[in-house]
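Nothing in this text is a laboratory measurement; each read-out follows from the coordinates by a stated rule. Just so it is clear, the structure is predicted and the values come from calculations on it, not from any experiment. Note: ideal-geometry Cβ built from the backbone for every residue, glycine included; neighbour counts use all protein chains shown.
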């Protein structure tokens, strides 16, 4: 084989190797740049419908993806003039409904805001105009919030500003209460009772506190077990010390040994009394572990009510809380 032929073969092999290496490099680059299993967020479309009857309103929103398939997760808040009228979880059929006992006087337009989820993007519906009441009714009030959807990790707290607005010259005091709280959750209103004037709204701050789980690790591995350890340390251990101390006292040949026996008897008496004390019981048998606020989705209801001495007027406001 000639030298020229050898050079041609070597050149051809080098070119093929470089070409194969380029293909492999491009493949691995594509493999690294495109994450496997990446979740794609789909867009959503939100439509709001409002039905009114005798001063009451039913707000129904429908959430769908671009293909027309119903979205079945997330929450929807209903907004009017920057205030939330309430919120609701999206059901499996893609709808969320909120019933208002009283439409706020300044609620001329309502918008539904879908919060979004891990797989669906947030969206907002078009404004829906409410028809004004034909004639003013009796004195009344409405309640709204700056936010009606909370997402908390167990142990955190959330704050909601509630606003009570008087209608038709309402001037009576309004009391706040809440229901639907899960285990390990507390709620405080500041203040609990508000009194609006004929023209001015009044706020009340609601703070919801969840509880983180706690596990006690104090002396959980005592040699005799949790229940019997107290008896063992209160009777058995001091008893052994007392027997050894009595035996040392009977040895008359050594004063030092007799003193050691007296010390053992004193230690036995002190150990027995200490083991029976309440402090010992608390330190070695602490209270049961606190499971904390369970994770999940919760619908809370804030009720504002007023009593004029003969008739109770109340209006609910729904809050949605997700505990992680």
Find the centroid of the Cα atoms in segment 134-191 and in segment 76-113, then give the distance between the two in whole Å.
15
Relative exposure of 160, 50, judged by other C-beta atoms within 10 Å (fewest first)
50, 160
Just from the alpha-carbon atoms, what are the Rg and Dmax of segment 42-126 in angstroms?
12.6, 39
Would you order 80, 142 from fewest to most other beta-carbon atoms within 10 Å of each residue's own beta-carbon?
80, 142
Footprinting exposure proxy for 311, 156 (fewest neighbouring C-beta atoms within 10 Å first)
311, 156
Averaging sequence separations of C-alpha pairs under 8 Å and six or more residues apart, then dividing by the length of segment 82-179, give the relative contact order as a whole percent.
28
